[in-house]
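Contents: one structure, followed by commentary.
The values are calculated or read from the model by the stated rules, or taken from the named source; none is laboratory data. If you're wondering where the values come from, they're calculated on a predicted model, not measured in any experiment. Don't worry about glycine lacking a Cβ; one is built from the backbone with ideal geometry, like all the others, and counts go over all protein chains shown.
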Amino acid sequence: MSAQELRGADGEPAGAPIRLVAFDAAFDRSVFDCGEQAVNDWFRRQAGQSHRSNNARTVLAVQGFAVVGFYASRVGTMERGEVAEAFGGGRGRYPMPAILLAQLGVDVRSQGRGLGARLLVHALESFLAVADKVGVEVILVDALTPELCAFYRKMGFRSLEDRHLRMFMPVKVLRATFNASS
Ligand SMILES: CC(C)(COP(=O)(O)OP(=O)(O)OC[C@H]1O[C@@H](n2cnc3c(N)ncnc32)[C@H](O)[C@@H]1OP(=O)(O)O)[C@@H](O)C(=O)NCCC(=O)NCCS
């Protein structure tokens, strides 16, 4: 194995533990690359501003001083039409308070080792804690590609019938899932 292979991003030891920490601008985001330009651009250019303005909360996965993954979330709304599509016409009289998983990315050098799933579980756990204190009925995510729907489906998200990339999970289902596994 070469010295390069023994070291991860930014020369950190590849075997160092990965920690999930609250957003901290001191971590260098400029070299993060998850392979999706739009996700990279948001993380490199907008995560800091979004954090300062309380527009989004970002959690970092860090290995030493290197950022190897992240997710970001904010409150959102499931519009009446979407509510009707997801839960039946009778429910569609009002929009639903929601939390949106707005961004998720894992650096290409760390993909395929379970970090994306770990970040998603961490996000869902923290959304549940919010839902214990603030009214939230549903978790939303917009999958970037049809293939990614499978990734979210495994965690319990379902697609809207007409817009497959928009996925949702009722907080009731989320709570039952976590209660069953704890
Ligand atoms: C999607 C992403 C976060 C997954 O991260 P990861 O660390 O590679 O994922 P994991 O190793 O935790 O994989 C978890 C499971 O999801 C599956 N999966 C991962 N990426 C997938 C993809 N792009 N499409 C379909 N399935 C995928 C894995 O095969 C694995 O399945 P398994 O449990 O049956 O083995 C990562 O590939 C990424 O950053 N992609 C670019 C940015 C992006 O698309 N973000 C999502 C925006 S909605």
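Looking across A180, A131, one residue alone is of a type outside the set (F, W, Y) and farther than 23 Å from T58 by Cβ. It is A180. The residue of the stretch 101-114 that is farthest from the chain's Cα centre (by Cα), among those that are under 17 Å from A66 (Cα atoms) and surrounded by fewer than 19 Cβ atoms within 10 Å (Cβ to Cβ), is R109.
Residue-wise test of (1) among the acidic types (D, E); (2) without any contact (Cβ under 8 Å) to a residue 60 or more places away in the chain; (3) closer than 30 Å to V31 by Cα.
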{"residue": "E85", "(1), (2), (3)": "yes, no, no"}
{"residue": "L101", "(1), (2), (3)": "no, yes, yes"}
{"residue": "L104", "(1), (2), (3)": "no, no, yes"}
{"residue": "E125", "(1), (2), (3)": "yes, yes, yes"}
{"residue": "D142", "(1), (2), (3)": "yes, yes, yes"}
{"residue": "F151", "(1), (2), (3)": "no, yes, yes"}
{"residue": "E161", "(1), (2), (3)": "yes, no, no"}
{"residue": "F168", "(1), (2), (3)": "no, no, no"}
{"residue": "V171", "(1), (2), (3)": "no, yes, no"}
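For the stretch 151-172, a residue qualifies if it is in a loop (DSSP other than H, G, I, E, B) and in contact with a Ser or Thr (Cβ under 6 Å, 6 or more places away or on another chain), and exactly one does: G156.
Each row is one residue, and each column tells you yes or no for (1) closer than 22 Å to G116 by Cβ; (2) in contact with an Asp or Glu (Cβ under 9 Å, 6 or more places away or on another chain); (3) at pLDDT 95 or above.
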| residue | (1), (2), (3) |
| --- | --- |
| S2 | no, no, no |
| F27 | yes, no, yes |
| A47 | yes, no, yes |
| T77 | no, no, yes |
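When residues in the stretch 43-95 are screened for being of a type in the set (K, R), assigned to a helix (DSSP H, G or I), away from the ligand (no atom under 15 Å from the Cβ) and surrounded by 13 or more Cβ atoms within 10 Å (Cβ to Cβ), 2 of them pass. Test M155 against the stated conditions and say whether it is within 15 Å of the ligand (Cβ to nearest atom) and either within 21 Å of Y94 (Cα to Cα) or touching a Gly at 6+ places or on another chain (Cβ under 6 Å) (or both). No, not satisfied. Screening the stretch 104-150 for residues that are part of a strand (DSSP E or B) and within 24 Å of K172 (Cβ to Cβ) and picking the one that is farthest from the ligand (Cβ to nearest atom) gives V138.
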